[in-house]
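Enquirer: Submitted below is the structure of interest, expressed as structure tokens.
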Amino acid sequence: MADDERPIAVLVDREGLGDAMLKVPFLRAVRRAFPDRPVWWIATHQTAMEDELRPLFADDIAHVIAHAGLKGAPAEVLPRLRALPAFARVFDSRTQLSAVRLARQALRCDGFYCCLPGFLLCDGTLPFLHGRPRNVADRMLALIRPATGDPPDPSGWLEPSPAAREAAQGFLPDGQTYVGIAPGSREAIKNWPLERFLEVARALIAQGLTPVFRLGPMETDIRQRVESGAPGALISVADLEAPPGQALDQLIAQAKRFSLLLANDNGVGHLVGGAGTPVISLFGPTDSRRWAPYAPDRRILRAQDFGGREMSAIPTSAAVAAVGEMLRRGVA
């Protein structure tokens, strides 16, 4: 492969929807910095870029390799790394020293940039004097300057298809202020009690606002509780039968109609933030400094700030107050 045809490699570990979305600002910056280079997204294990996010980023990522097996015994991993083509740049998002060191050793590339503590093994000069950023999105964006000499340009938000935008307009017509609510996640310990979300919804309805509950494919069993616990709230349920990407397209379109979203630390929060909608995120056992969503405006409510680590430590009043504050900020 000629030098001017070498692709860009992005190495990742295991990525759910939220993990992958935190790297989207970096992906945009890479595409702007290297517009003529195809991007290869290479995951040690599973990546949402292979399935649910693939339709949204088909124009940005030329090739996805999932379950690449880039972690483990060197005798097994090194041949897999050496079988990959030469790259113009390699960006390694992983933070396990042994895995990153093997990639640095085996991959042929013109520059290697990684997220190890202190940016160890990273080429170029890093702009941070006080260590790497804690947040995953900021950490990845920090790799752009040493690779290019220029600051990153991550600007832009997810946009829905015209059909999804029209459907969202019909479901959420003009004339109301919509507040999205995403009450689930893939891990129960990350979930604020559903009753607290219902209490917030009732308080918003009393203020003339319209809550919109977004329920994922694993949360349809709580629909009846939402209907009985927050009469007047709207409910949007992800379509299990929809083609890949269509349910996310629908969610992005609805996000454009929300004034803000209230959510646990979950994939919906990351996707809605990626659509340019302000997000209030509720955190307990997970690290908000690392996993806070990338959004135009965000507010973090941490259980630790209310005397506990479990999600139930966050009072309903704090969430209602945060919604009011963010809505006022949006009006201003």
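Here, each number is a calculation from the coordinates, and none is a lab measurement. Predicted model only: the values in this text are computed from it and were never measured. Cβ: placed from backbone, ideal geometry, glycine included. Neighbour counts: every protein chain shown.
Enquirer: Evaluate the charge dipole of the range 104-219 about its Cα centre and quote only its size in Debye, nearest 20, assuming +1 on the Cβ of each Lys and Arg and -1 on the Cβ of each Asp and Glu.
Expert: 420
Enquirer: Further question on the same structure: State the answer as a single residue: which of Cys122, Gly69, Gln46 lies farthest towards the positive end of the charge dipole of the range 3-148, with beta carbon charges of +1 for Lys and Arg and -1 for Asp and Glu, about the Cα centre.
Expert: Comparing the listed Cα positions along the dipole, Cys122 ranks first.
Enquirer: Here's another thing I want to ask about it. For Cα pairs less than 8 Å apart in space and 6+ apart in sequence, what is the mean separation divided by the residue count of the chain, i.e. the relative contact order in percent? It would help to have the intermediate numbers written out before the result.
Expert: Working: 637 pairs, mean separation 51.7, N = 332.
Normalised by residue count, the contact order of the chain is 16 percent.
Enquirer: Which whole-Hz ³J(HN,Hα) couplings does the range 131-140 yield from phi under the Karplus relation 6.51 cos²θ - 1.76 cosθ + 1.60, θ = phi - 60°, glycine and proline marked x?
Expert: With the stated coefficients, the range 131-140 comes to x, 6, x, 6, 6, 4, 4, 5, 4, 5 Hz.
Enquirer: If Lys and Arg each add +1 and Asp and Glu each add -1, what is the summed charge of the other residues whose beta carbon sits under 13 Å from the beta carbon of Arg196?
Expert: -1
Enquirer: State which helices in the chain qualify, where a helix is a whole DSSP H run, it must extend 15 Å or more along its own axis by its Cα atoms, and its mean Kyte-Doolittle hydropathy must be at least -1.0.
Expert: Within the chain the helices that satisfy the rule are 194-206, 316-331.
Enquirer: Based on Cα positions only, what radius of gyration and what Dmax would you give for the range 68-114, in angstroms?
Expert: For the range 68-114, the Cα radius of gyration and maximum Cα-Cα distance read 9.8, 26 Å.
Enquirer: Using helices alone, what [θ] at 222 nm do you get for the chain, with -39,500 (n - 2.57) per DSSP H run of 4 or more residues, divided over all residues and rounded to the nearest 500?
Expert: -9500 deg cm²/dmol
Enquirer: To continue, here is another question. Report the Rg/Rh value for the range 135-211, based on alpha-carbon coordinates and the Kirkwood definition of Rh. Can you show the working numbers first?
Expert: Values: Rg = 19.1 Å, Rh = 16.7 Å.
Answer for the range 135-211: 1.14.
Enquirer: Next question. Collect residues whose amide H, placed 1.01 Å from N in the peptide plane, falls under 5 Å from the amide H of Arg132; neighbours closer than 5 in sequence don't count.
Expert: Gly118, Phe119
Enquirer: Okay, moving on. When only alpha-carbon atoms are used, what values of Rg and Dmax, in angstrom, describe the range 162-331?
Expert: Looking at the range 162-331, its Cα Rg and Dmax stand at 14.8, 46 Å.
Enquirer: Rg and Dmax of the range 220-283, using alpha carbons, in Å: what are they?
Expert: Looking at the range 220-283, its Cα Rg and Dmax stand at 12.5, 32 Å.
Enquirer: Hey, another quick one. Would you work out the relative contact order for the range 3-148, in percent, from Cα pairs under 8 angstrom that are 6 or more residues apart?
Expert: 24
Enquirer: Just add up the charged neighbours of Ala263: K/R +1, D/E -1, any other residue whose Cβ is under 12 Å from the Cβ of Ala263.
Expert: My count for the surroundings of Ala263 gives +3.
Enquirer: Between Gly72, Gly269, Gly175, where does the largest GNM mean-square fluctuation fall for the chain, given springs only between Cα atoms within less than 10 Å?
Expert: Of Gly72, Gly269, Gly175, the most mobile in the Gaussian network model is Gly175.
Enquirer: Going by amide H atoms built from the backbone, whose H comes under 5 Å of the H on Phe87, apart from near neighbours?
Expert: Here the answer is Arg108, Cys109, Asp110, since their amide H atoms fall under 5 Å of that of Phe87.
Enquirer: Quick one: Cα convex hull volume of the range 3-148, Å³ per residue? Don't skip to the answer; put the middle values down first.
Expert: Details: hull volume 13.9 nm³, N = 146.
That works out to 95 Å³ per residue.
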